[in-house]
Amino acid sequence: MTPNLVYVVIVGVLFAAGVAMLLERSLTRVLMGMILLGNGVNLLILLGGKAGAPPIVGAANERDMADPLPQIMILTAIVITLGMTAFLLALAYRSWAMAGHDEVQDDVEDQRIMRLAETDQGSGTEDDR
Amino acid sequence: MTWLVPLPVVMPLIGAALTLMMAGRPRAQRTVSLTVLTATVIVSAALLWLTTTGGSMVVTVGGWAAPLGIVLVADQLAALMLVVSATMTVCVLVYSIGQGMADGHEETPLSVYHPTYLVLTAGVTNAFLAGDLFNLYVGFEILLVASYVLLTLGGTENRIRAGITYVVVSLLSSVIFLTAIGLIYAATGTLTMAHLVERLDELPDGLRLMLQGMLLLAFGIKAAVFPLSSWLPDSYPTAPAPVTAVFAGLLTKVGVYAIIRTETLLFPGGRAAVVLLILALLTMVVGILGAVAQSDIKRLLSFTLVSHIGYLLFGVGLTTQLGLSSAIFYVVHHITIQTTLFLATGLIEKRGGSTALDRLGGLARLSPVLAVLFLVPALNLAGIPPFSGFIGKLGLVQAGAADGGVLAWLLIAGGLATSLLTLYAVARVWNLAFWRVPPASAPARSPLPPLMVGSTLALVVLGVGLTVVAGPLFEIGDQAAGGLLERSGYVEAVFGGPR
């Protein structure tokens with residue numbers, strides 16, 4: 001497909017929105033960000049192949065046919081994204097069932113440093129004042 | 001004999017289907033998994049023998065010839081990685097069977113354990129054999145999906161917390177990889193690596209550099225290269241011991257393998273060499289400083305895992321044959337040793353009731369066998385002669401000295417300092433967990449399950465045995481590195497003749 005501005009802008013918006021959602025704390029939003037990113041990538045792959053008639057031998061002139069390869073790759077990618085979405089949803093649900101929320105928790109190391117800071121022991125990474 | 005090539009991928013997948021149908025019959029599941037993985041080891045060994053004597057082997061899947069169809073390529077590097085990783089999966093499987101029996105919960109989440117484990121193996125072998133970038137992506141996805149399930153096995157709160165970080169980071173790296181694939185296809189019209197070799201050369205310089213950078217970023221996350229490594233020590237330690245062991249041994253190394261493959265085959269000439277070397281230095285030093293600060297054995301080992309990825313990048317970044325062959329030898333060593341150490345840590349947890357250093361003590365007296373099982377691979381990791389860690393590091397230092405640049409000497413210094421700090425970190429574990437007076441809270445004496453000890457012992461022996469076979473192994477690594485740098489052999493194998 002010849003890169004056309006509408007598609008490029010859509011891909012850009014999907015990526016931007018996806019990344020913005022990915023930076024949220026709530027896992028449900030992270031999941032939505034992932035879905036947006038996945039769709040953005042799929043559109044991007046589609047842009048990489050030639051558009052045209054259905055690529056079936058005998059149904060069209062070979063020179064007018066669309067490039068089927070990107071579409072196959074997108075199909076595979078869609079299946080993978082579907083599986084991932086289901087798994088992330090399950091994770092979010094499990095997290096909600098166990099902890100009462102689906103927020104991404106702090107790193108163990110961050111928690112440790114924060115605890116040390118609260119008890120005013122210093123993290124050992126900077127000079128004690 | 002090319003029909004052997006797809007077997008390491010197909011057999012575990014069939015095994016996964018069979019074990020899934022046998023849910024609730026643990027004994028049958030175990031038999032199937034063990035048979036399948038043992039067969040995979042044998043086939044991989046045969047592949048290594050055949051590729052060493054007769055050159056690369058190629059299978060065109062579905063009979064569609066190379067640039068149109070998908071190819072599976074077994075060259076020496078792929079075959080060597082297959083042998084090592086398949087051997088690890090068998091040993092860890094035996095260990096996990098021993099643990100399952102010992103813990104007495106024969107039925108619980110184990111019914112999904114075997115199928116998932118086999119799918120993970122299939123993903124790893126598929127990634128090694130892939131001769132096509134998209135197939136490499138699929139291989140990565142297979143192993144990642146399996147790893148998500150294994151990491152969150154049982155769904156406890158801690159594992160879910162770690163799993164979320166791991167899944168999101170892995171998904172992000174997959175998105176970056178897929179984007180790179182889309183762009184590469186748009187720019188060149190092909191994804192077969194052998195075909196890309198010539199098509200990428202025709203691209204403008206800036207575009208090539210961008211594509212190389214994107215692939216490096218995607219694989220850098222998977223291989224846990226600093227500064228993309230902080231997900232690893234946070235997620236790995238929460239999983240069950242055998243799962244952590246197989247993750248530590250294999251998953252990051254698949255990322256390293258992908259870096260080696262793309263940096264030599266697709267983007268030769270070392271344009272990213274300086275970046276790789278700087279990243280290698282930072283990965284080594286920052287990783288090991290993290291390890292020194294830890295108070296839990298599993299977390300400490302995870303940091304050493306990150307740190308030693310730096311050595312592998314060091315070899316790749318030098319872009320010389322000696323550098324690459326040392327890196328290949330070091331991968332073999334590192335897979336074996338890191339897996340062994342995590343299995344030994346599982347035994348420590350079993351005997352001492354914890355992996356926190358402040359709660360352990362006197363294990364050398366409580367369980368002398370365990371002490372040996374930990375000490376030997378620990379010294380091996382730190383690179384004490386005559387163990388294989390020393391030989392690998394020696395090769396890297398030689399390769400660095402042969403390069404002679406300022407950066408190379410800096411890396412040699414960093415590598416030696418890292419080695420010394422690794423010794424300090426494992427010696428600290430030894431002093432605190434093995435040599436102190438046993439704490440009053442030490443669990444009562446209980447015999448360690450023989451299967452767990454046996455499989456760990458087998459890996460310890462294997463790790464020591466790497467020293468014995470270091471000569472031939474280095475030679476295979478050298479040939480593989482030569483093939484990687486030459487490139488034309490790979491292309492000719494895929495297209496069935498010179499182009």
- Message: Spelling out what I want: for every residue of region B:157-172, take phi, set θ = phi - 60°, compute 6.51 cos²θ - 1.76 cosθ + 1.60 (Karplus), and round to whole Hz; glycine and proline get x.
- Response: 4, 5, 5, 5, 4, 5, x, 4, 4, 4, 5, 5, 5, 5, 4, 4
- Item | Per-residue [θ]222 nm for chain A (sum of -39500 (n - 2.57) over DSSP H runs n ≥ 4, rounded to 500) | -22000 deg cm²/dmol
- The size of the Cβ-based charge dipole (Lys, Arg +1; Asp, Glu -1) of region A:5-118 about the Cα centre, to the nearest 20 debye, is 240 debye
- Task: Under 20 Å Cα to Cα from residue B:393, which aspartates and glutamates show up? Leave out anything in the same chain fewer than 8 places away.
- Result: B:403, B:475, B:478
- Task: Check the straight Cα-Cα distances from residue B:298 and name the lysines below 18 Å, setting aside those fewer than 8 residues away within the same chain.
- Result: B:350
- Item | Ellipticity estimate at 222 nm from DSSP helix runs (n ≥ 4, -39,500 (n - 2.57)) divided over chain B, nearest 500 | -25000 deg cm²/dmol
- Surface accessible to a 1.4 Å probe, per residue, for the residues of region B:271-468, Å²: 35 Å²
- So what is the diffusion coefficient of region B:70-190 in µm² per second by Stokes-Einstein at 25 °C and 0.890 mPa s, using a Kirkwood Rh over Cα pairs? 152 µm²/s
- For region A:56-87, which residues drop by 50 square angstrom or more in accessible area between the chain on its own and all protein chains together (1.4 Å probe)? A:73, A:80, A:84, A:87
- Message: If I ignore ligands, DNA and RNA and count only protein heavy atoms, how much of residue B:455 is accessible to a 1.4 Å probe, in Å² to the nearest 10?
- Response: 10 Å²
- Roughly how compact is region B:271-468, stated as its Cα Rg over 2.2 N^0.38 Å to two decimals? 1.06
- Judged on accessible area alone, 1.4 Å probe, highest first, B:94, B:112 line up as B:112, B:94
- Note on the structure: Magnitude of the Cβ-charge dipole (Lys and Arg +1, Asp and Glu -1) of the protein assembly as shown about the Cα centre, nearest 20 debye, reported as 1160 debye
- What total accessible area, in Å², is buried where chains B and A meet, using a 1.4 Å probe and rounding to the nearest 100? 2800 Å²
- To the nearest 10 square angstrom, how much accessible area does residue A:25 have with a 1.4 angstrom probe? 120 Å²
- Sulfur and carbon atoms: percent of accessible area, chain B [1.4 Å]: 70 percent
- Message: Taking a ≥ b ≥ c as the square roots of the Cα gyration tensor eigenvalues, with a/c under 1.5 meaning rounded and otherwise prolate when a/b beats b/c, else oblate, which class fits region A:5-118?
- Response: prolate
- Task: Show B:435, B:430 ordered by accessible area, largest first, where the area counts protein heavy atoms only and the probe is 1.4 Å.
- Result: B:435, B:430
- Item | Protein accessible area in region A:10-71, 1.4 Å probe - carbon and sulfur % | 65 percent
- Could you work out the mean count of beta carbons from other protein chains within 10 Å of each residue's beta carbon in B:175-188? 6
- Task: Take the Cα atoms of region B:341-447, build their convex hull, and give its volume per residue in Å³.
- Result: 93 Å³
- Query: Rg (Å, one decimal) plus Dmax (Å, integer) for the alpha carbons of region B:277-335?
  - Reply: 12.1, 39
- Note on the structure: Square roots of five times the C-alpha gyration tensor eigenvalues of chain B, ordered largest first and given in whole Å, equal 35, 27, 20
- Which of B:375, B:135, B:287 sits closest to the plus end of the dipole of chain B, meaning its Cα is farthest towards the positive end, when Lys and Arg get +1 and Asp and Glu get -1 on the C-beta? B:375
- Message: Output wanted: per-residue J couplings in Hz (rounded whole) for region A:90-105, from phi through Karplus 6.51 cos²θ - 1.76 cosθ + 1.60, θ = phi - 60°, x for Gly and Pro.
- Response: 4, 4, 4, 5, 5, 4, 5, 5, 7, 10, x, 8, 10, 8, 5, 7
- Local charge sum around residue B:436 (other residues, Cβ-Cβ under 14 Å, Lys/Arg +1, Asp/Glu -1)? +2
- Message: With +1 assigned to the C-beta of every Lys and Arg and -1 to the C-beta of every Asp and Glu, and no other charges, what is the dipole magnitude of chain B about the Cα centre in debye, to the nearest 20?
- Response: 1200 debye
- Residue-normalised value, i.e. accessible area per residue, for region A:5-118 at 1.4 Å probe, in Å², stands at 58 Å²
- Task: Take the alpha-carbon positions of the protein assembly as shown, form their convex hull, and give its projected area averaged over all directions (one quarter of the hull surface) in nm².
- Result: 29.5 nm²
- Along region A:63-72, what does the Karplus equation 6.51 cos²θ - 1.76 cosθ + 1.60 (θ = phi - 60°) give for ³J(HN,Hα), rounded to whole Hz, x for Gly and Pro? 6, 8, 5, 6, 7, x, 4, x, 5, 5
- Among B:161, A:63, what's the order by accessible area (1.4 angstrom probe), most exposed first? A:63, B:161
- Average the reciprocal distances over every distinct pair of alpha-carbons in region B:404-498, invert the result, and give the Kirkwood radius in Å. 19.0 Å
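The values are calculated or read from the model by the stated rules, or taken from the named source; none is laboratory data. Since this is a predicted model, take the numbers as computed values, not measurements. In this analysis, Cβ positions are derived from the backbone assuming ideal geometry, glycine residues included, and neighbour counts consider all displayed protein chains. Side chains included, ligands, DNA and RNA excluded: accessible areas come from the protein's heavy atoms. Shrake-Rupley method; radii C 1.70, N 1.55, O 1.52, S 1.80 Å.
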